[in-house]
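Asks: One structure is given below, represented as C-alpha cells, and several questions about it will come after.
The values are calculated or read from the model by the stated rules, or taken from the named source; none is laboratory data. Please read all numbers here as calculations on a predicted model, not as lab measurements. Virtual Cβ from ideal backbone geometry, glycine too; neighbours counted across all protein chains shown. Areas reflect the complete protein model, heavy atoms only, side chains present, ligands, DNA and RNA absent. Shrake-Rupley method; radii C 1.70, N 1.55, O 1.52, S 1.80 Å.
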Amino acid sequence: MPRFHGFTKKQLLDVYRNMALSRRLDEKILILLRQGKSAFHTGGSGHEAAQLAAAQVIRRGEDWPFPYYRDMAFTIGLGITGREQLLSSLSRAEDPYSAGRQMPTHFSSRELNIITQSSVTGTQYLQAVGCAMALVKGGEKGVVYVSSGEGTTSQGDFHEALNWASREKLPVIFHIEDNKYAISVHVSEQTSGGSAYGIVAGYKNLARFQVDGTDFFESHLAFRKAVDRARKGKGPSVVVSDVVRLLPHSSSDDQKKYRDKEELEADRKRDPISRFSDACAEGGVISRKEFEKIDAEVRQSVEEDAEWAEARPLPSPETATRYVYSEDDETTALEESEPSYISDRIVPVDAVNHALHEEMARNDRIVIYGQDVAGMKGGVFTATKGLTAEFGEERVYNSPLAESSIIGTAIGMACVGWKPVVEIQFSDFIWTAMMQIRNEMATIRYRSNNEWSCPIVIRVPVGGYVHGGIFHSQSIDGYFLHLPGIRIAYPSNSADAKGLLKTACRMDDPVIFMEHKSLYRFVPAATPEPDEDYLLPFGKARTVKEGSDLTIITYGMMVYKSLEAARSLESSMGVSIEIIDLRTLNPLDYDSIERSLHKTSKALVVYEDNITNGAGAEISAIIADRYFELLDGPVKRVAAKDCPVGFSAVIEDVVLPQAEDVAQAAQELIEY
C-alpha cells in the first residue's frame, strides 16, 4: 500500500479523527459552558497538528509525557477518550484526572505515565528533568516529553531545566507551542528577539528545531529526529512549533480586545486541520467525502458522550478533604519504643549523617543531592560527609546553585518511584523553590485523587543564634505549617533527629525536615545514639521534664531556652514547670498538650519564629479553642520580635527569644 510522507492511509485517517475530535470537544465544551454546565475551558484549537505529531513518537507505558493544559489533542493521540475529557470538563466524580479537584484539562494518567499536571506555568519542566534523571539512573529506556506555550519560556524554571538536562544529556523533549500570545502579551513583548528558538541557543548537547506547527508532516519529522537522538543518549531537544491560537486564551478571555480582525483571519487561514485534509486530498490519499464522514461521526459521538457525561454523578461532599495525606502510610502505625543504644554520645549533625547512611544502605532508591553536599565537602555543616565515598556519585551528588531546580527535579524523581532526600543549604534561600513546594509538591496527592504521591524529604538548616545575620538566621516553620500536604519535623536532640529522619525516609508524604543550625554541635543536645532499628513516629511529643504549675510547649532550640528558664524559676520561686517538646509540627501531638494542661492549667508557647503568625500563634489558638475549660490563665507566647535578625550579637540577642524572656513570661503566668 502506498504511503504519504511515510504514513499509511489508516494512520492518516486516525490522525485526522483525533484532530477532529479535539476540535469538536473544544466547541462542545464551550457550548456546555454557556449553558452553565461547565465552569472553565482552555482550548487547543490551532495546536492540533503539532500535538498529534508529538504523540506519534511517544511510546505508551514507556515514555513519560508532561503535557500542559492546552494539550488536549496530544493526550487524545495517546489514548485518552472524548468521554474522559468531558468528565473532566464537567467536574464529575469519575473525572480521571482529579475527580473534580482540578480545573479541566489538567491531565493525569497512571496508565499513560502522565504525572498530574497543574495550572502553574513552567514548574513542569524541572519535574520532567527529574523524571528523566530517574529513568537514566534506573537504566530505563523511556523518553520524557514536556510542553508549554512560548510565554512560559520567560520562567526561570525553563532555563534551569535546559541547563540541567543539557549538562547531563538527559532524554527530554521540550515542546514550545508558540501561538505568539501569553494570554494577551505578544511574543515580541515577552521574549528577547521575539523568538523562543533564539533564546535557547548556547546550551551544549541541546538540539533545536523550529517548525511550522500547523503542518503535521513537518512537525512529525522534527519530533522523530528529536526522539531518535534522545533514545540514543545524545541529549535533549527543543522543538518550537509555530502554531495558531484559534480560540481566546481561555473561556475567561476575549481576544478581540487585543487582536485585530486581519490577524485572526490570517490565523484561520492556517488552520492545521484544513491544511492536513487539503494535503491528503491533493496527494490523492484520502477523499473529501471520507473526511466529511469522519466529521459527522465525531460530531455524533461527542454529542452522545456529552449526554452520557452529564448524567454521571458529581463528587461526593464526603470526599472533599480526602487524600491530603496518605491513608496507607505504614509509618503512621509506629509506636514509640525505648531505643537500643550503640554509642555513648553523639551530636545532632552526626546523628543526621548516620541516619542517612543507614537509610541509603537500606533503600537503593534514595538519592541525596543539593549544593555542596557531595565529595569531601559533605555539606557546609558536614551532614553528608562520607556519603559519596560510600554510595557513589550516582546517588550522592551536587546540584546547580538553584533551589527551584533541587525541589523541581526531586518532585519528578519522587513521582516515578525514587526517594530524593535533598538539602536546601540554608532556610533563608528556600524561597525560590516556593512555587515547586506550595503549588506542586504539597498538592500532588490531593489533586490527583491519590493516583500520585511525592514522598520527598527536604532537609533544611534553620534558625538563629549563630551570628548569621538577616540571611542566615531565618525561622521558616510558620510559613510551612500553613501548607496542607507537607509533614514537618523539628528535632531538638540527637536521638530524635536520627529517629525522625529515618522515619521521614520511609514516609509516603513529603517531609520538610528542619535542623536547627545552632543545635548541630550543641553539647546539651547530644544523646546516646539509637541503633539502626530506631524509628520515631511523627506526632508524638516528648515530655522533657514533668511539672504541675505551668506547661511550656516548645520545640527546637527553644527547648533549651525553656529548660534554662524553668530551672531558674524553680530555684527562685519553688514552682514546678512541665516542658513538652513537640518534635514535629505536622502532625501536632494534641493529646500530650491536653494531658499536660489537665495537670497544670496554664500554657506558655515558646517558639523562635516571628511572634506574629509563627507556628506558636497557631498552637496558642488551638489551645484556646480546644482546651479553654482547662485553663486558669491566658495562653501566653514568647517568640522572636517581628524584625529581621541582625548580625551584631547585641542586635541578635534583642530580636531572638532568650531564657530571660521565657522566665519573665512564665513568672507572669504563674502569678496570674
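Asks: Which whole-number percent gives the relative contact order of the range 206-326, counting Cα pairs below 8 Å spaced six or more residues apart?
Replies: 21
Asks: Hey, another quick one. Between the range 204-236 and the range 444-507, how many Å separate their Cα centres?
Replies: Here the answer is 40 Å between Cα centres.
Asks: Using the crude model of +1 on Lys and Arg Cβ and -1 on Asp and Glu Cβ, and no other charge, please compute the dipole size for the range 176-333 relative to its Cα centre, in debye to 20.
Replies: Around 1060 debye, computed over the range 176-333.
Asks: Moving to a separate point now. Zone of GLU330 (label point 7 Å along Cα→Cβ, backbone N under 17 Å): which residues in the range 512-552?
Replies: The answer is 532-538.
Asks: Per-residue ellipticity at 222 nm for the chain, helices alone: DSSP H runs ≥ 4 residues times -39500 (n - 2.57), over residue total, nearest 500 deg cm²/dmol?
Replies: That calculation yields -11500 deg cm²/dmol at 222 nm.
Asks: Also, I was wondering about something else. As an exercise, use a Förster radius of 30 Å and the Cβ-Cβ distance of ARG60 and LYS234 to find the FRET efficiency, rounded to the nearest 0.05.
Replies: So, using R0 = 30 Å, E works out to roughly 0.85.
Asks: Hey, another quick one. Can you give the accessible area of SER475, probe radius 1.4 Å, in Å² rounded to 10?
Replies: 20
Asks: Which residue, HIS106, TYR446, SER568, has the largest displacement toward the positive end of the dipole of the chain when charges sit on each Cβ (Lys, Arg +1; Asp, Glu -1)?
Replies: The Cα lying farthest towards the positive end belongs to HIS106.
Asks: Okay, moving on. If the chain between ALA281 and SER188 were fully stretched, how many nm would it gain, using 0.36 nm times the residue separation less the Cα-Cα distance?
Replies: Length difference between fully extended and current span is 29.9 nm.
Asks: Decide, for the range 387-511, between rounded, prolate and oblate: order the square roots of the alpha carbon gyration tensor eigenvalues as a ≥ b ≥ c, take rounded if a/c falls under 1.5, and otherwise choose prolate if a/b is larger than b/c, else oblate.
Replies: Note, shape of the range 387-511 comes out rounded.
Asks: What is the range 504-657 by shape, rounded, prolate or oblate, if you read a ≥ b ≥ c off the alpha carbon gyration tensor as root eigenvalues and call it rounded for a/c under 1.5, prolate for a/b larger than b/c, and oblate otherwise?
Replies: Rounded, since a/c falls under 1.5.
Asks: Given N residues in the chain, what is Rg(Cα) / (2.2 N^0.38 Å)?
Replies: 1.09
Asks: Here's another thing I want to ask about it. Taking only protein heavy atoms and a 1.4 Å probe, what accessible area per residue, in Å², does the range 486-603 have with all protein chains in place?
Replies: With the other protein chains kept in place, the range 486-603 gives 28 Å² per residue.
Asks: Let me ask something else. Expected output is a single nm value to one decimal: the length gained when fully extending between ALA93 and ARG567, i.e. 0.36 nm times separation in residues minus the C-alpha distance. What is it?
Replies: Gain on extension, ALA93 to ARG567, equals 164.9 nm.
Asks: Multiply the residue separation of GLN664 and ASP344 by 0.36 nm, subtract the distance between their alpha-carbon atoms, and state the gained length in nm to one decimal.
Replies: 111.6 nm is the gain from fully extending GLN664 to ASP344.
Asks: Given a cut-off of 25 Å, name the pairs among LYS9/LYS293; LYS517/LYS540; LYS385/LYS498; LYS37/LYS269; LYS377/LYS540 whose C-alpha atoms lie farther apart than that in the structure shown.
Replies: The answer is LYS37/LYS269; LYS377/LYS540.
Asks: Given q = 0.26 Å⁻¹, what are the Debye log10 I(q)/I(0) values for the range 351-444, with equal point scatterers placed on the Cα positions and solvent ignored?
Replies: Ignoring solvent entirely, the Cα scatterers give -1.38.
Asks: I need the shape label for the range 258-396. Rule: rounded when a/c is under 1.5, else prolate if a/b > b/c, else oblate, with a, b, c from the alpha carbon gyration tensor.
Replies: It is prolate, given that a/c is not under 1.5 and a/b is the larger ratio.
Asks: What does the highest-first list of 356-364, 480-488 look like by mean Cβ count within 10 Å?
Replies: 480-488, 356-364
Asks: Moving to a separate point now. Based on the mean of other beta carbon atoms within 10 Å per residue, what is the order of 600-609, 299-308, 531-540, 232-241, most packed first?
Replies: Per-residue mean Cβ counts within 10 Å order the peptides as 600-609, 232-241, 531-540, 299-308.
Asks: Can I ask one more? For the range 281-294, just list the computed ³J(HN,Hα) in residue order, Karplus coefficients 6.51, -1.76 and 1.60, θ = phi - 60°, integers in Hz, with x standing in for Gly and Pro.
Replies: Each residue's phi maps through the Karplus curve to give 5, 5, x, x, 8, 9, 7, 4, 5, 5, 5, 4, 5, 5 Hz.
Asks: Also: Which whole-number percent is the relative contact order of the chain (Cα, under 8 Å, 6+ apart)?
Replies: With pairs under 8 Å counted, the relative contact order is 12 percent.
Asks: Separate question: Between the range 56-125 and the range 321-388, what's the alpha-carbon centroid distance in Å?
Replies: With the range 56-125 and the range 321-388 each reduced to a Cα centre, they are spaced 35 Å.
Asks: Kindly state, to the nearest 0.05, the FRET efficiency for LYS261 paired with PHE4, given R0 = 56 Å and r defined as their beta-carbon distance.
Replies: 0.95
Asks: Based on Cβ point charges of +1 for Lys and Arg and -1 for Asp and Glu, what charge dipole magnitude is obtained for the chain about its Cα centre, in debye rounded to the nearest 20?
Replies: I would put it at about 2440 debye.
Asks: Which FRET efficiency value, to the nearest 0.05, is calculated for ARG521 and LYS269 with the Förster distance at 60 angstrom and r the Cβ-Cβ distance?
Replies: For ARG521 and LYS269, the calculated efficiency is 0.25.
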